[in-house]
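Peer 1: Pasting a structure below so you can have a look.
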Amino acid sequence: MKPGANNERVFRMPFASVYPHYVAKVEKKGRTKAELHAVIRWLTGYDEQGLQSVIADKTDFRTFFAQAPRMNPNASKITGVICGYRVEEIEDPLMQKLRYLDKLVDEVGKRRAIEKMLG
């Protein structure tokens, strides 16, 4: 989002409302839901049960990241452009986490090897 834009609307969006778009994006590129879950797990520490709970409870993005079992300390190594902004330069910590996730989903869709991507 542009600096000064109201990010709060995005932060209040349920993860469950965006999740099907993540699934569709990776499946359209010949990847699997399991590969998507692998990058979500790597970034946030959510296991399968936790992820399903977040989806079922319609947990918003603010809570999704606030209650993440373990944000990966290597997340800051994610770089590149997403939505026209360099993820490493996003100042709002919550928006940066959200864009880290978007970037990982994009990379899965680009068929990058999960093992190579996640180190």
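Peer 1: Among 33, 103, 77, which one moves the most in a GNM of the chain with springs linking Cα atoms closer than 10 Å?
Peer 2: For the chain, modelled as a Gaussian network with Cα springs under 10 Å, the answer is 77.
Peer 1: Could you check how many percent of all C-alpha pairs in the chain are farther apart than 18 Å?
Peer 2: Counting pairs separated by more than 18 Å, the tail of P(r) holds 49 percent.
Peer 1: With the dipole of region 39-88 worked out from charges on the C-beta (+1 for Lys and Arg, -1 for Asp and Glu) around the Cα centre, which of 79, 59, 39 lies farthest toward the positive end?
Peer 2: Of the options given, the answer is 79.
Peer 1: Please list the non-local residues whose amide H lies under 5 Å from the amide H of residue 82, H modeled 1.01 Å from N, same-chain partners needing a gap of 5 or more.
Peer 2: Correct list: 87.
Peer 1: Now for a separate question. If neighbour count is taken as other Cβ atoms inside 10 Å, put 32, 44 in order from fewest to most.
Peer 2: Taking fewest neighbouring Cβ atoms as first place, the list is 32, 44.
Peer 1: Quote the charge dipole size of region 8-112 about the Cα centre in Debye, to the nearest 20; the model charges only the Cβ of Lys and Arg (+1) and of Asp and Glu (-1).
Peer 2: Result for region 8-112 is approximately 360 debye, rounded to the nearest 20.
Peer 1: Which of the residue pairs 29/58; 29/77; 29/103 have a Cα-Cα distance greater than 21 Å in the structure shown?
Peer 2: Result: 29/58; 29/77 exceed 21 Å.
Values quoted throughout were computed directly from the atomic coordinates according to the rules given, and no laboratory measurement underlies them. Source: prediction; values computed, not measured. So basically every Cβ, Gly included, is an ideal-geometry build from the backbone, and we count neighbours across all protein chains shown.
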